[in-house]
Amino acid sequence: MSELECHDSAICAQSPERPLPGLLSLVIPCYNEEAVIEATHARVCSIAPSLGMQMEIIYIDDGSKDNTLEKLKHLATGDSRIVVLELSRNFGQQAAMSAGLETAKGDAVVIIDADLQDPPEVILEMVAKWRTGIDVAYGRRKSRDGEGFFKLISASMFYRFFAAMMPYSVPVDTGDFKLCDRAVVDTVCALPEKRRYLRNLIPWAGFHHAPVDYDRDARTAGETKYSVFKLLSLAADALLLSSDKPVRVIWLSAFLFAIVGASGLAASLISSTQDQTGLPTILAVIGFISSAQTAGIAIVGEYTVRCYRETQSRPTFIIRKKYNNVM
């Protein structure tokens with residue numbers, strides 16, 4: 001059982017129930033979502049009568065190139081619950097979510113994508129968990145509709161590899177879909193990191209976590225905004241921003257290739273001078289060692305670049321304009 005999960009009734013009983021009413025903030029990052037954003041807003045609004053609390057909806061336009069911003073501005077003119085943040089350019093999903101968290105005023109804050117793959121109706125279960133004293137109710141995927149076998153297997157392997165590399169407990173089969181208590185949001189927003197990966201910052205902060213299992217739907221419209229390159233870049237950030245184990249793997253590689261090199265040298269010395277079988281062995285050993293050295297330099301370089309970015313202290317995002325109809 002994950003350290004983050006709170007299933008012990010004695011422990012959970014110590015957490016006081018949170019009273020009604022309250023304010024729930026929804027943080028919804030958007031990038032080129034014109035095909036689905038109106039349907040998303042309708043689905044989100046449909047759960048409002050069942051919440052038992054007021055709702056604030058924060059849409060973050062992350063430099064969309066289509067009509068997403070115009071549609072969001074139109075929605076905001078007719079609904080006082082909506083806040084639209086227009087970022088000055090595309091800063092990326094993590095930055096957009098961070099902008100939403102810093103703007104949110106709710107007693108609890110839900111992060112959810114705009115593509116409707118994560119059903120807004122699950123938020124009701126998250127709020128119920130939060131009412132019992134849970135600080136973070138995170139969505140855990142039982143199934144992922146509309147995704148191929150390779151995507152499912154690779155995602156499952158990455159989640160488990162990532163969790164194993166972390167120095168603290170991180171839940172698997174989860175994304176950014178979660179509810180966080182105000183205390184959690186304030187803690188994460190106060191962290192000094194400029195380059196953020198919220199899927200590990202929120203578990204790092206601690207507090208009481210509990211899963212809410214659900215079936216993830218296929219996209220209702222549009223297409224994924226993550227190319228293979230972007231996914232690999234996100235995976236690198238996920239690992240390098242939270243763990244020093246990749247650097248430590250270099251020591252293991254050095255030890256293993258030292259053994260390989262010694263074995264190759266011994267094989268060459270034993271072989272006859274007329275026998276040329278030792279040359280391929282030497283070349284192979286040199287190639288392996290060179291690859292290990294290059295990989296080691298690259299890993300250290302990745303950490304160095306991230307340290308350099310942090311020392312620049314540039315803001316994570318820039319808000320160009322804020323739209324709502326609250327006077």
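None of the figures in this text is laboratory data; all of them are computed from the coordinates on show. Model, not experiment: these values are computed from the prediction. Cβ atoms come from the backbone with ideal geometry, glycine included; neighbour counts cover every protein chain shown.
If you stretched the chain out fully between Lys142 and Leu256, how much longer would it get, using 0.36 nm times the residue separation minus the C-alpha to C-alpha distance? All intermediate terms of the calculation are to be shown ahead of the outcome.
Values: separation 114, 0.36 × 114 = 41.04 nm, distance 3.94 nm.
This chain segment gains 37.1 nm when fully extended.
Provide Cys189, Cys45, Cys30, Cys180 in ascending order of the number of other Cβ atoms located within 10 Å of each residue's Cβ, fewest first. Spell out each step's value before the answer.
On the way: Cys189 13, Cys45 16, Cys30 26, Cys180 30.
Starting with the residue having the fewest Cβ neighbours, the order is Cys189, Cys45, Cys30, Cys180.
Computed over neighbours whose Cβ is under 13 Å from that of Ser88, the net charge equals +2, Lys and Arg +1, Asp and Glu -1. Between Asn67 and Ala295, what FRET efficiency follows from the Cβ-Cβ distance if R0 is 51 Å, with the result rounded to 0.05? Result of the calculation: an efficiency of 0.70.
Output the pairs from Lys73/Lys194; Lys142/Lys322; Lys178/Lys322; Lys178/Lys321; Lys65/Lys129 with a Cα-Cα distance over 31 Å in this structure; if there are none, say none. It would help to have the intermediate numbers written out before the result.
Details: Lys73/Lys194 28 Å; Lys142/Lys322 37 Å; Lys178/Lys322 24 Å; Lys178/Lys321 26 Å; Lys65/Lys129 38 Å.
Those over the limit are Lys142/Lys322; Lys65/Lys129.
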